[in-house]
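The values are calculated or read from the model by the stated rules, or taken from the named source; none is laboratory data. Note that the structure is a prediction, hence the values are computed from the model and not measured. Here the Cβ is made from the backbone with ideal geometry for all residues, glycine too, and neighbour counts use every protein chain on show.
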Amino acid sequence: MTQNYYQKEIETMQREDMRKLQSEKLVKQVKHVYENVPYYRNLMDEKGVKPEDIKGIDDLHKLPFLSKADLRDAYPYGLLATPLADCVKIHSTSGTTGRRVVAFYTQKDVDLWEDCCARAITAAGGTNEDVCQVAYGYGLFTGGAGLNGGSHKVGCLTLPMSSGNTDRQIQFMMDLQASILCCTPSYAAYIGETLKEQGYKPEDIPLKAGIFGAEPWTEEMRQGIEATLGIKAYDIYGLTETTGPGVAFECSEQSGMHINEDHFYAEIIDPDTGEVLPEGSKGELVFTSLDKEAFPLLRYRTRDICMLSRKKCSCGRTLIKMAKPMGRTDDMLIIRGVNVFPSQIEAVLLKEGYEPNYQIIVDRVNNTDTFEVKVEMTSDRFTDKVRDILAMEKALAAAMKTMLGINPTIHLVAPKSITRSEGKAVRVIDKRKLV
Ligand code: DLL
């Protein structure tokens, strides 16, 4: 495949030049943050670091880390670094107020984010000749908006489908001859299965490439999707806190994702000690935004376990690569692309008058995540009337949907029937083998 780049100069920049660019940007970013975000100023003052101490990337390790707990403490405006009047939008992850992450964007932030997604689409072979079907969710989730913006920048004809309504997805795909599909890998697999059931062969499908991310997926899953849809399937990574999708993207080599390191500087740390680990080590991925205006993050701990590599890439890009995330250092689950914390389930149960005795069972059947929550009935609500149980299950599922944004299947079980191993309940049974 001939290589196309969206911003060639950056994507193929010599390492020393990139480091210089990163250093210059970091110095400015730290100053911006220190001057405009009292929360950060306190963190830096506590650590005894002043903006003048940061002269370049080599000094990055002097800065304090930022964690999800800080985002929670500072919710909603505490980390905002520009006047609200300069912001043009927000995105957010699901959850309680305590868990919710709200990210703010100025127009310049939106622009750099869309550039990152445009790089990903171009690396997957996208040009202005393409029809790009965006089947990530639109709305607060970053997937739809990010790829939509990237697709516009590349000049593709953009189909803003959002997720769901698979028959309509297929109709538009066929009628408008979509050539690039952007969605979660599990949804891509589901669309593939549906096309197959409807009698389409890979050669009947107009797609040539897919850009799939937001959740872990395996090499086997890639091969399956590529075979059913007759495409090349590329991984894309990102998180709401940093902007959304496009922090890193796969190229024709399909072995790890290039990090847009002119905007996001990556480190790998030991999650227990915080020590920065050498290239090639497995540890927690930490990002520093280098030029975001509204919601800059210095040394943000993603909780994703990962590895970095500077091995030369056959696509010609010199941007550092990250491996597929290999798990998390916290208990966050990603179910049908939605981030779910067991503590959110617990919060709903308590609010609805249940004891927090529950078990989350996640599996993947026909490439779709199943999400079941077993909940013990309380003795005062215990009943064996099927109709009453079904009504209670329905009400609890609705309350969970409101909190999480996705619908679990609730199974109410008898009090004290959920196994306690060594006195401690096993809260999550994840049967998917994703990493
Ligand atoms: O998932 C942003 C995104 C949208 C990425 C569309 C790619 C495509 P959040 O909802 O904030 O943002 O979830 C971020 O999802 O910390 C990882 O644990 C996980 N994740 C994202 N991309 C991948 C991927 C979006 N390609 C969290 N592989 C991150 C594995 C991923 N995990």
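Here is a check on your reading of the model: is Gln254 within 16 Å of the ligand (Cβ to nearest atom), surrounded by fewer than 18 Cβ atoms within 10 Å (Cβ to Cβ) and either on the phi > 0 side of the Ramachandran plot or free of Cβ contacts under 8 Å to residues at least 24 places away in the same chain (or both)?
yes
Looking only at segment 116-134, how many residues end up being farther than 24 Å from Asp291 by Cβ and either among the β-branched types (Val, Ile, Thr) or under 15 Å from the mean Cα position of the chain (by Cα) (or both)?
3
Going through Lys394, Lys385, Lys416 one at a time, which residue ends up being modelled with pLDDT of 95 or more and either more than 18 Å from Ile360 (Cβ to Cβ) or not assigned by TED's automatic domain parsing to the domain that holds Asn357 (or both)?
After applying the criteria, what remains is Lys394.
Among the candidates Gly316, Gly337, single out the residue that is touching a residue at least 60 places away in the same chain (Cβ under 8 Å), within 16 Å of the ligand (Cβ to nearest atom) and farther than 25 Å from Ser417 by Cα.
Criteria check complete, one pass: Gly337.
Answer with yes or no whether Ile10 is within 22 Å of Lys312 (Cα to Cα), surrounded by 19 or more Cβ atoms within 10 Å (Cβ to Cβ) and assigned by TED's automatic domain parsing to the domain that holds Thr302.
yes
Residue under question is Tyr200, and the condition is that it be surrounded by fewer than 24 Cβ atoms within 10 Å (Cβ to Cβ), part of a loop (DSSP other than H, G, I, E, B) and away from the ligand (no atom under 11 Å from the Cβ); does it hold?
yes
Output the number of the condition that Tyr358 fails; it satisfies all remaining conditions of (1) of a type outside the set (Lys, Arg); (2) more than 16 Å from the ligand (Cβ to nearest atom); (3) in contact (Cβ under 8 Å) with a residue 60 or more places away in the chain; (4) in the same structural domain as Thr240 (by TED's automatic domain parsing).
Every condition holds for Tyr358 apart from (4).
When you check Thr228 against the structure, is it among the polar types (S, T, N, Q), outside any loop (DSSP other than H, G, I, E, B), away from the ligand (no atom under 16 Å from the Cβ) and over 30 Å from Ile90 (Cα atoms), yes or no?
So Thr228 passes the test.
Yes/no matrix, rows are residues, columns are (1) hydrophobic (A, V, I, L, M, F, W, C); (2) in the same structural domain as Val362 (by TED's automatic domain parsing); (3) in a loop (DSSP other than H, G, I, E, B); (4) at pLDDT 95 or above:
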site: Lys153; (1), (2), (3), (4): no, no, no, yes
site: Thr158; (1), (2), (3), (4): no, no, no, yes
site: Ser162; (1), (2), (3), (4): no, no, yes, yes
site: Asp167; (1), (2), (3), (4): no, no, no, yes
site: Ile170; (1), (2), (3), (4): yes, no, no, yes
site: Met173; (1), (2), (3), (4): yes, no, no, yes
site: Gln177; (1), (2), (3), (4): no, no, yes, yes
site: Cys182; (1), (2), (3), (4): yes, no, no, yes
site: Tyr187; (1), (2), (3), (4): no, no, no, no
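For Trp113, which of the numbered conditions (1) within 20 Å of Val37 (Cα to Cα); (2) modelled with pLDDT of 95 or more; (3) of a type outside the set (A, V, I, L, M) fails to hold?
Just one mismatch for Trp113, condition (1).
Take Met326 and decide whether it is near the ligand (Cβ under 10 Å from one of its atoms), over 26 Å from Gln254 (Cα atoms) and either aliphatic (A, V, I, L, M) or surrounded by fewer than 16 Cβ atoms within 10 Å (Cβ to Cβ) (or both).
no
Mind counting the residues in segment 132-168 that are farther than 19 Å from Ala188 by Cα and surrounded by fewer than 21 Cβ atoms within 10 Å (Cβ to Cβ)?
Final tally of qualifying residues: 6.
So is Val247 surrounded by 22 or more Cβ atoms within 10 Å (Cβ to Cβ), at pLDDT 95 or above and either of a type outside the set (A, V, I, L, M, F, W, C) or within 15 Å of the ligand (Cβ to nearest atom) (or both) or not?
Answer is yes for this residue.
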